[in-house]
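Q: Would you mind keeping the following structure in view while I ask a few things?
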Amino acid sequence: MGLDFAPLPKTAHDCAVEATISVVSGKWKPILLYQMRGGAKRYSELHRLVPQASERMLVRSLRELEQDHLIQRKVYKQVPARVEYAPTADGESLIPVLSMMSVWGNERKYT
């Protein structure tokens, strides 16, 4: 009577963990997605929440998250232009994982 484990992948490309990491890899992508856990954020809000990220890296990370369908970008037709970023359903499904990573990191922060 043993535990049933998923079979080991034949190649690295079959590994679900690798696939997940490839989508959220990058210094700022998981942090930006985690910062959107309360809902849509404007670019200026995200820049204030993640001031260590250069504007270039912030824009690049947001574009990659959008290309991977983890966030959606909504442009409002008004002056001045207003753009908001919000997690998609797939992005929302990753937020609990990022929250657990935050808890894990906080528990080990000072060890």
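The values are calculated or read from the model by the stated rules, or taken from the named source; none is laboratory data. From a predicted model like this one, the values you see are computed outputs, not experimental measurements. No Cβ is skipped: glycine too gets one built from the backbone with ideal geometry, and neighbour counts run over all protein chains shown.
Q: Regarding the stretch 15-37, can at least one residue be identified that is of a type in the set (Asp, Glu), part of a helix (DSSP H, G or I), out of contact with any Ser or Thr (no Cβ under 6 Å at 6 or more places or on another chain) and modelled with pLDDT of 95 or more?
A: Within the stretch 15-37, none of the residues are of a type in the set (Asp, Glu), part of a helix (DSSP H, G or I), out of contact with any Ser or Thr (no Cβ under 6 Å at 6 or more places or on another chain) and modelled with pLDDT of 95 or more.
Q: So which residues in the stretch 46-61 are farther than 20 Å from Ser22 by Cβ and among the charged types (D, E, K, R), if there are any at all?
A: If the condition is that a residue be farther than 20 Å from Ser22 by Cβ and among the charged types (D, E, K, R), then Arg48, Glu55, Arg56 are the ones that fit.
Yes/no matrix, rows are residues, columns are (1) closer than 13 Å to Tyr34 by Cα; (2) in a strand (DSSP E or B); (3) under 10 Å from the mean Cα position of the chain (by Cα); (4) free of Cβ contacts under 8 Å to residues at least 12 places away in the same chain:
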position	(1), (2), (3), (4)
Arg56	no, no, no, yes
Arg63	no, no, no, yes
Val75	no, yes, no, yes
Glu84	no, yes, no, no
Pro96	yes, no, no, yes
Ser99	yes, no, no, no
Asn106	no, no, no, yes
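Q: Then there is this: Take the conditions within 12 Å of Ile31 (Cβ to Cβ) and hydroxyl-bearing (Ser, Thr, Tyr) and apply them to Ser61. Does it pass?
A: Yes: the conditions hold for Ser61.
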